[in-house]
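Inspection log for the structure reproduced underneath, given as structure tokens.
The values are calculated or read from the model by the stated rules, or taken from the named source; none is laboratory data. The structure presented is a predicted model; accordingly, all values stated were derived computationally and were not measured. Methodologically, a virtual Cβ is constructed for each residue, glycine included, from the backbone with ideal geometry; neighbour enumeration extends over all protein chains shown. With ligands, DNA and RNA removed, areas are computed over all heavy atoms of the protein, side chains included. Shrake-Rupley method; radii C 1.70, N 1.55, O 1.52, S 1.80 Å.
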Amino acid sequence: MNHFAYPSAVFLLLLPLIFRYLFPAVKGLHGDALKIPFIADLQKITVKSGGVWGSQLGKKSSTAALWILYLIYILLVLAAARPQWVGEPIPIRSQSRDIMLIMDISNSMLEPDFAVGNRRINRLAAVKKTASDFIDKRTDDRIGLILFGTRAYLQAPLTYDKKSVQDILWSMDAGMAGNSTSIGDAIGLALKNIKEDDHKEKILVLLTDGENNDGSLAMPDAINLAKNENVKVYTIGVGSESAFIDSFFGMKIGIGSTGLDETSLKKLAQDTQGKYFRARDTKSLQQIYNAIDKLEPTENNEQFSVETKELFYIPLLVAVILASLMFLRGQKKW
């Protein structure tokens, strides 16, 4: 779309008419005339030729030169009005959040107590699918990923490159970080890597199926640390009500508690203004990530960026070329 940045400058086109009709003519030897400073230069531009034809050509040349001067003036006024090409509005990235996903990949995540359709899958497979879908929905947020077992590892620092985070997510496997569970250390590592920008809202999403039974940071200390850092933590406890073992005949037999420390997970969420969720199956896990997505909606400030290209140089260049040609023609000897 084309428009003028200063459309009011177009009224300058009326300036010659104002001078022509509002100011009185000058009385002199050559009759009524407007006082024009550059009239002497106009006289030099006329074609010098003898006889009647020369006189007629001289008059035509003077008239043409005058119209060219008017054209140059019009072009200069158009250049002063600053014609521009304006592109379509492009939405810009709104204020985003920093979200660090903290995932338990201990061997217990291989427990096949989740299902897709009629096919049973392990907890980790269900987590990969639902977490990947959650990442897709966070269009304007930076996403990071920490995996933990015996030790906690930063696998993806906070980034807008969601595809890279998803690739790491899909490539992880249970037992890669050890067999025990260091929830406190994972929280401490997440807080260390998420507090680099004080102007963004910081969120941790912790998923585990066990309790803090290893590492150097106890759960009470991790909870206090998260609370003091003003970081909101959503916690997800994964697994059915009972753990299972393989029987002699290959059947799964329930053996009671899963060892999930729901008390600490609930306190962590409560003290940091987050929320605790329990995922007992694939459907509930999907609903949990959807609920977190709704609790932390992407902010939309309705801000747009518009590409603008200046076009004033086009009429200005044409005006300079015409003026140069007139000057060279005036200097030419006939």
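Placing F277, F19, F327 in order of accessible area, with the largest value first and a 1.4 Å probe, yields F327, F19, F277.
Measuring between alpha carbons in the structure, the pairs from K163/K309; K162/K200; K200/K309 lying more than 30 angstrom apart are K163/K309; K200/K309.
Close amide-amide hydrogen proximity is noted between I146 and L101, I102, M103, Q155, each under 5 Å apart and 5 or more residues distant or on a separate chain (H modeled in the peptide plane; Pro and chain starts excluded).
Loop-located trypsin sites (Lys or Arg not before Pro) in the range 130-160 (DSSP state other than H, G, I, E, B) with a sparse environment of at most 16 neighbouring Cβ atoms within 10 Å: R151.
Annotation: amide H of A115 within the under-5 Å range of I121, T282, sequence separation 5 or more or interchain, hydrogens built in the peptide plane. By DSSP, the beta bridges lying fully in the range 126-240 are antiparallel in about 45 percent of cases. Taken over the range 109-188, the percentage of Cα pairs per 10 Å bin, counting from 0 up to the bin with the maximum distance, is 17, 44, 33, 6.
With each label modelled as a point 7 angstrom along the Cα→C-beta vector, the V116-A5 pair spans 5.5 nm.
Distant-in-sequence amide contacts of T181, defined by a placed amide H-H separation under 5 Å and a gap of 5 or more residues or a different chain, comprise N213, D214.
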